[in-house]
Structures are given as C-alpha cells and as structure tokens.
Ligand SMILES: [Zn+2]
C-alpha cells in the first residue's frame, strides 16, 4: 500500500526522492537524517484528497460526552504516519476551532469496532514544522469531536544503547525545551494551573503496553522524552547533555501536546518510535541511509499495528479516569469568577466546557 511506502523522519526536511543520491555527512547521524527525505506518494495523496470531505469552516459546538456514548479514540500521527491502516468507514472532515485550524482535516473511522479519529500532526504531505504545528487547534479539535483518549505516535532519537532503532518507548515523562509554541489554552482573563507531575495517562499506557506485546513489538514501558524546539537536530554537546540528564528519547512535538491534552482533560499517552541514536553514539557516526529509511518505514507500519491492537483495549472506558485526567480542572482554575473574561471563557467551550457548564 502506498502508505507503507512513505518514509519520513521526525522533523521536516527538504523533500527529495529516496532514489536521489543522498550525500551523507558521515560525521553525524544528524546530517544523515537531514538528507533523508519524506517520500510522499503523490498518488496516495491524490487519492486521499479525492476522498476528503470539505466541511464548513464554522466552529461547531463541542460534542460533550455523555454516559453511554461510544468511546472515541483520538490518534495523533507523527512523521511517517499520515493515515491509519485498517480503518473502516473512513471520512475526512474539516474541524474548525477557536484556536485556528488543526494541522489537517480529521479522519473519522472504525477500527475493530472502536471509533477512531486520526489527525496527522504535520498534515498530509508533512507541511507543518514542529514549531508551527497548531497544537492548541489539534487538541481542541479532538476534544470538540468527542475524543476522550488521545494516543500520540511519533518518531524519535534515542539516548540509550538498549533503545536501538526500531524500539518503541511508551513515554511517561517529558522535559520541555521548546520555546516557540503556544502551550496553554488559558491566559489573562482565565488563568489555570494544571498538574503535570504525571503527564501521561497510565490507563492508556497499560493498553499500549499490552498492544505492543500482542503485536510483537519491542517496547519499553516508561521513559523520559526530551522535547526540543527544532527544526534542526541537536548539536553533539546538547546530545551529551540530554543523555547526562538521563533522558531516554528526543523529539520535537510531544511535550506541548501532552500539556494541552492535560488542560483539555483528555487522557493522553505517547509512543516514541526510535529511528536513530541522535548524534552521541560513537559507533554510529557512519550512517547507512538505506537502513534509516528501512527503520522509518518499519516504524510507521508497526505504529499503525500498535494502534490497531490498542483500540480493542480502549473500547470500554471507566466512567472516570482512575488517574483523574478528565477532572484536572476541578482544582486548577484560579481566576476569581467575577474577574473571568467571557471572551476567553467562550474560546474554552470544548476544552473546559465541563467545568464552565457545571
Ligand atoms: Zn487518564
């Protein structure tokens, strides 16, 4: 399938075909990753576009989930994942939000009896850089259409010898080094401070761990994800620094997303798929580009297989999340009710509709 032919890496690079002779600076893996392209099949994109449904750009009222509603799982696909294999009854829908447009239309479908909404984080064809992804719109859109659980699947570099390319990490902590992103739905007129001590949902982590076992994917449960601004990769000094901090993997997108999902009272979990050893590893100075492409292709396929296996585990959901992800705003709103700005509150209709309606 054309999807499987798409190769990508964890940050946008200048497109070239894989057949293009790729000159690799053998000194660092970073240089190699810069030369690896996102091979996007024009035919696949055209076919997806033909199936897409152009919706109105009006902001729809949020779907407030009620008891007994079927579970709707949101999936954010990173580099290399621009669709979801096995998804049935699919329909691309445009979803507008008060925070602007999400990265792309949302793909609605069914997977093994579970309702799933897929959003390619960088857009189909990988058009948005990590700094420019509208994370607020992406999270708002998923919440607005009734998702309660969100699984993030993205490519990453590794800081650990045992986390070899092809290994998955079910991330449970973040260090956020980004500085050019909008990372909160709250602002002057409505201030909130949510807890991020445990930034991912362990219930989703359990499902992903079980799914990885079923799919035969080597996955580490737990790990710290260093989120860098990018789009350039680390210098070697930075790579050594992050490694010395005990980080497991490095990427460019997940920390802002996790924080926003927490503010939006969504259960969120992240799977980081290792493509390389960043640039710290002494034995990996010389990069075999064909091997990197193979890893990217394999990870994209395995990432989709993982989601397919996780979906049945998430079909039924406890009334409330045992970790409290869906109730964090109960203790987070700090602005006095009489000082709250109605315009700001209005924008929070999907994110915080539950508390403001209460
Ligand atoms: Zn949760």
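Only residues that are outside any loop (DSSP other than H, G, I, E, B), surrounded by fewer than 24 Cβ atoms within 10 Å (Cβ to Cβ) and in contact with a helix residue (DSSP H, G or I) (Cβ under 8 Å, 6 or more places away or on another chain) were counted across region 92-102, and they come to 2. Residue 197 fulfils the conditions (1) farther than 24 Å from residue 85 by Cα; (2) within 16 Å of the ligand (Cβ to nearest atom); (3) buried (at least 21 other Cβ atoms within 10 Å of the Cβ) except for a single criterion, (3).
Scanning region 276-284 finds one or more residues that are modelled with pLDDT of 90 or more, within 19 Å of the chain's Cα centre (by Cα) and surrounded by 22 or more Cβ atoms within 10 Å (Cβ to Cβ). Scanning region 143-167 for residues that are away from the ligand (no atom under 16 Å from the Cβ) and within 14 Å of the chain's Cα centre (by Cα) returns 153, 154, 155, 156. For residue 130, the stated conditions hold: it is crowded, with 21+ Cβ neighbours inside 10 Å and under 12 Å from the mean Cα position of the chain (by Cα). Reported count of residues in region 150-165, each being assigned to a loop (DSSP other than H, G, I, E, B) and crowded, with 16+ Cβ neighbours inside 10 Å, is 4. Condition (residue is assigned to a strand (DSSP E or B) and under 30 Å from residue 61 (Cβ atoms)) applied to region 190-213: is it met by at least one residue? Among the residues of region 190-213, at least one is assigned to a strand (DSSP E or B) and under 30 Å from residue 61 (Cβ atoms), which makes the answer yes.
Listed residues 207, 212; which is within 17 Å of the chain's Cα centre (by Cα) and buried (at least 20 other Cβ atoms within 10 Å of the Cβ)? Just a single option satisfies the conditions, and that option is 207.
Restricting region 103-122 to residues that are without any contact (Cβ under 8 Å) to a residue 40 or more places away in the chain and outside any strand (DSSP E or B), the residue that is surrounded by the most Cβ atoms within 10 Å (Cβ to Cβ) is 104.
Taking region 332-349, which residues are more than 16 Å from the ligand (Cβ to nearest atom) and part of a loop (DSSP other than H, G, I, E, B)? Steps first, please.
Filtering region 332-349 for residues more than 16 Å from the ligand (Cβ to nearest atom) gives 333-349.
Selection gives 334, 335, 336, 340, 341, 348, 349.
Residues in region 322-331 that are touching a residue at least 12 places away in the same chain (Cβ under 8 Å), within 9 Å of the ligand (Cβ to nearest atom) and under 15 Å from residue 197 (Cβ atoms): 2 in all. Consider region 215-224 and keep the residues that are in a loop (DSSP other than H, G, I, E, B) and within 20 Å of the chain's Cα centre (by Cα). The one that is nearest to the ligand (Cβ to nearest atom) is 222. Of the listed requirements (1) at negative phi; (2) within 16 Å of the ligand (Cβ to nearest atom); (3) touching a residue at least 60 places away in the same chain (Cβ under 8 Å), residue 265 misses just one: (1). Evaluation of residue 241 against the conditions (1) at pLDDT 95 or above; (2) crowded, with 20+ Cβ neighbours inside 10 Å; (3) assigned to a helix (DSSP H, G or I) shows that the sole unmet condition is (2). Quick check on residue 306: is it surrounded by 17 or more Cβ atoms within 10 Å (Cβ to Cβ) and within 16 Å of the ligand (Cβ to nearest atom)? Judged against the criteria, residue 306 is not a match. Answer with yes or no whether residue 258 is within 16 Å of the ligand (Cβ to nearest atom), crowded, with 21+ Cβ neighbours inside 10 Å, touching a residue at least 60 places away in the same chain (Cβ under 8 Å) and in the same structural domain as residue 157 (by TED's automatic domain parsing). When the stated conditions are applied, residue 258 passes them. Within region 210-217, is even one residue in contact (Cβ under 8 Å) with a residue 12 or more places away in the chain and closer than 28 Å to residue 345 by Cβ? No; the residues of region 210-217 include none that is in contact (Cβ under 8 Å) with a residue 12 or more places away in the chain and closer than 28 Å to residue 345 by Cβ.
The values are calculated or read from the model by the stated rules, or taken from the named source; none is laboratory data. The structure displayed is predicted, hence computed values, not measured ones. For neighbour counting, all protein chains shown are included, and Cβ atoms are generated from backbone atoms with ideal geometry for every residue, glycine included.
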